[in-house]
Amino acid sequence: MPHSTDVFVIGGGPAGLAAAIAARQQGLRVVVADGAKPPIDKACGEALMPDAITALEGLGVVVPVAEGRPVRGVRFLGSGLSAEADFPSGARGLSIRRTTLHGIMTERAAELGVDLLWQSVVTGISNQEVQLGERKIRTRWIVGADGVNSRVRRWANLDAHSRTDLRYAFRRHYHVPSWTDRMEIYWGEHTQGYVTAVSNEQVCVAVASHDPEFRLEESLCTFPELNTRLRGAETASVERGAPSANRKLKRVWRKNVALIGDASGTVDAITGEGLGLAFSQAAVLANCLRYGSLAGYQSAHRRLAQRPLLMARLMLMLDGHPRFQQRTLQILGRRPEVFRRLLALHVGTLSPFHLALDGLTLGWGLLTA
Ligand SMILES: Cc1cc2nc3c(=O)[nH]c(=O)nc-3n(C[C@H](O)[C@H](O)[C@H](O)COP(=O)(O)OP(=O)(O)OC[C@H]3O[C@@H](n4cnc5c(N)ncnc54)[C@H](O)[C@@H]3O)c2cc1C
């Protein structure tokens, strides 16, 4: 174990590994510590949007074809209706088991010479030191990538945030022949279900709701189409839960400590953008570290989060409003070009100006449906 480093990353999930890889690409010495043992699993919809793949490629992380499944777009289903749209031409998404992605990112970090400390819980930080129980490592920079309940955020006094719209999410895998090459979103009255096929024989199902009492298996009956698909299917993983929220921090860095990934704020799981956001933040953060100043990180971080937060808010307007959901699905079904443009905006290939135009089309459709 090294006695000192340039960058100490606390948390070796996707955000921490991305930060470590990006910092190594900038020539900095990097240590990552994570309390868990790889490959690390977590509740996730396991879909990478096209912009996430571009950001991953920038980190030199290449997902072998056999390890993921291309995702061509998104399908909404609910109230017996469905509407679908493909990503803009040339763009593709990917579905991949979380553990597989973790393995590939860990390999890339190791190949670049990142010092990886697994089963190593960080117990405290001070100005230029990170503490792992009795051991201390000196560092110039500290990166908090320790997830949604970040202790680094608390230690660095960065907890202040805007109102959080908290939801509860769960995921599980099922052995069933995959039936879709789109990310499917099932709209229930107060719950959404997300499905991605992670292999030819396995699908990942995630659900989210404001109700703290709800659980995945019980909620499936609120999605009749999905329930029929999964009837009799064997489960392939344990149920895992995690909070899902739109949370914006007032500050994402202080002195020599910077936050990244879910530690630095979150977007609701419905966007499928958490991972892509972390990968983009990593590149920006590493650039700041290279030039020895975190001053530009705050504004760049805010800019990156703007679009996913906007999309999350737009999509969650449908939550709890069944008639509104039904009309929106009808319109998107009838006007696929509007859905396509909304999706293009979602993955960053269209400007918010077009959202205004499509918002008018949608609004007019809702009034006249
Ligand atoms: C139900 C659900 C579905 C989602 N679906 C998608 C999707 O389809 N696509 C997408 O892009 N995003 C999705 N997301 C969001 C995505 O999962 C998160 O944005 C992403 O996991 C954040 O990664 P992270 O590395 O910041 O945090 P985490 O993955 O939580 O990693 C944090 C790591 O820090 C470690 N750690 C914590 N404290 C310490 C400590 N003191 N010392 C050492 N290590 C520590 C933990 O062990 C953990 O490994 C979804 C989220 C949910 C809840």
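The values are calculated or read from the model by the stated rules, or taken from the named source; none is laboratory data. Worth saying up front: this structure is predicted, and the values here are computed from it rather than measured. FYI the Cβ positions are ideal-geometry reconstructions off the backbone, even for glycines, and counts take in every protein chain you see.
Laid out as a table, the results:
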{"item": "Residue among R240, R307, R290 that is of a type in the set (D, E, K, R) and away from the ligand (no atom under 14 Å from the Cβ)", "result": "R290"}
{"item": "Single match in G193, G113, G188, G147 (criterion: within 10 Å of the ligand (Cβ to nearest atom) and either among the small types (G, A, S) or modelled with pLDDT under 95 (or both))", "result": "G147"}
{"item": "Residue within segment 105-112 that is in a strand (DSSP E or B) and either closer than 24 Å to V203 by Cα or in contact (Cβ under 8 Å) with a residue 40 or more places away in the chain (or both) present", "result": "no"}
{"item": "For V130: the one exception among (1) more than 10 Å from the ligand (Cβ to nearest atom); (2) more than 19 Å from the chain's Cα centre (by Cα)", "result": "(1)"}
{"item": "Test: residue in segment 184-195 that is charged (D, E, K, R) and either closer than 23 Å to R92 by Cα or without any contact (Cβ under 8 Å) to a residue 40 or more places away in the chain (or both)", "result": "yes"}
{"item": "Elements of type strands (runs of 3 or more DSSP E) contained in segment 1-79, each with 3 or more residues being in contact with a strand residue (DSSP E or B) (Cβ under 7 Å, 6 or more places away or on another chain) and within 14 Å of the ligand (Cβ to nearest atom)", "result": "4-10, 30-33"}
{"item": "The one condition in (1) crowded, with 19+ Cβ neighbours inside 10 Å; (2) within 15 Å of G348 (Cα to Cα) that L289 fails to fulfil", "result": "(2)"}
{"item": "Residue within segment 260-280 that is of a type outside the set (S, T, N, Q), surrounded by 21 or more Cβ atoms within 10 Å (Cβ to Cβ) and away from the ligand (no atom under 13 Å from the Cβ) present", "result": "no"}
{"item": "Count of segment 189-198 residues which are out of contact with any His (no Cβ under 8 Å at 6 or more places or on another chain) and either of a type in the set (V, I, T) or surrounded by fewer than 22 Cβ atoms within 10 Å (Cβ to Cβ) (or both)", "result": "4"}
{"item": "Qualifying residue in segment 208-218 (condition: part of a strand (DSSP E or B) and away from the ligand (no atom under 13 Å from the Cβ))", "result": "no"}
{"item": "Within segment 224-333, helices (runs of 4 or more DSSP H) holding 1 or more residues that are within 15 Å of the chain's Cα centre (by Cα), at negative phi and free of Cβ contacts under 8 Å to residues at least 12 places away in the same chain", "result": "297-316"}
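Residue by residue, here is whether (1) surrounded by 15 or more Cβ atoms within 10 Å (Cβ to Cβ); (2) touching a Pro at 6+ places or on another chain (Cβ under 6 Å); (3) closer than 22 Å to R72 by Cβ holds:
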| site | (1), (2), (3) |
| --- | --- |
| N200 | no, no, yes |
| V205 | yes, no, yes |
| E213 | no, no, no |
| L220 | yes, no, no |
| F223 | yes, no, yes |
| T228 | no, no, no |
| R240 | yes, no, no |
| P243 | yes, no, no |
